[in-house]
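Presented below is the structure to which this report refers.
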Amino acid sequence: MTNVVIGAASGMGATTARRIAPRGRLIVADYNLEGAEKIAAEIGGDVNAMACDISSQAQVDALMAKVGDNLEALVVTA
C-alpha cells in the first residue's frame, strides 16, 4: 500500500511525511520538486518524491497513476 502526502516540501506537510513514513511506501509530492526530493532523501527508505501542483489536473492525474490501486492514505497539506 502507498501513502501520499501532498504539500510535503516544508512545514506541516514535511512533518506529516516524517510521521507517516514508518507506515510503508510513501510518495511526498509538492509543486516544489526540489523541496520534496530533500524531504524524501532526509526520510530515506521507501520514499519517492514527485512534482504535483494540485491546481494542475494533469499533475494530479500523474500522481494518482503512480499510486494506482494501492492508496492507503492521502494527506493534503497544500
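Filtered by the rule that a residue be open to solvent by 60 Å² or more (accessible area, probe 1.4 Å), in a loop (DSSP other than H, G, I, E, B) and free of Cβ contacts under 8 Å to residues at least 24 places away in the same chain, the stretch 54-68 gives a lone residue, S55. Check the stretch 53-67 and report whether any residue there is under 20 Å from M1 (Cα atoms) and of a type in the set (D, E, K, R). Looking through the stretch 53-67, at least one residue is under 20 Å from M1 (Cα atoms) and of a type in the set (D, E, K, R). Among the residues of the stretch 18-49, those that are farther than 15 Å from V60 by Cα, part of a strand (DSSP E or B) and either β-branched (V, I, T) or touching a residue at least 24 places away in the same chain (Cβ under 8 Å) (or both) comprise R25, L26, V47. The single condition among (1) in a helix (DSSP H, G or I); (2) open to solvent by less than 70 Å² (accessible area, probe 1.4 Å); (3) among the β-branched types (V, I, T) that T15 does not meet is (2). Selection of the stretch 1-12 for residues being in a loop (DSSP other than H, G, I, E, B) and open to solvent by 40 Å² or more (accessible area, probe 1.4 Å) yields M1, S10. Of the residues that sit in the stretch 18-45 and are among the small types (G, A, S) and on the phi < 0 side of the Ramachandran plot, which one is surrounded by the fewest Cβ atoms within 10 Å (Cβ to Cβ)? Selected residue: A41.
The values are calculated or read from the model by the stated rules, or taken from the named source; none is laboratory data. All of these numbers come straight from a predicted model, not from anything done at the bench. Counting neighbours? That spans all protein chains shown, and the Cβs are built from the backbone with ideal geometry, glycine included. Side chains included, ligands, DNA and RNA excluded: accessible areas come from the protein's heavy atoms. Shrake-Rupley method; radii C 1.70, N 1.55, O 1.52, S 1.80 Å.
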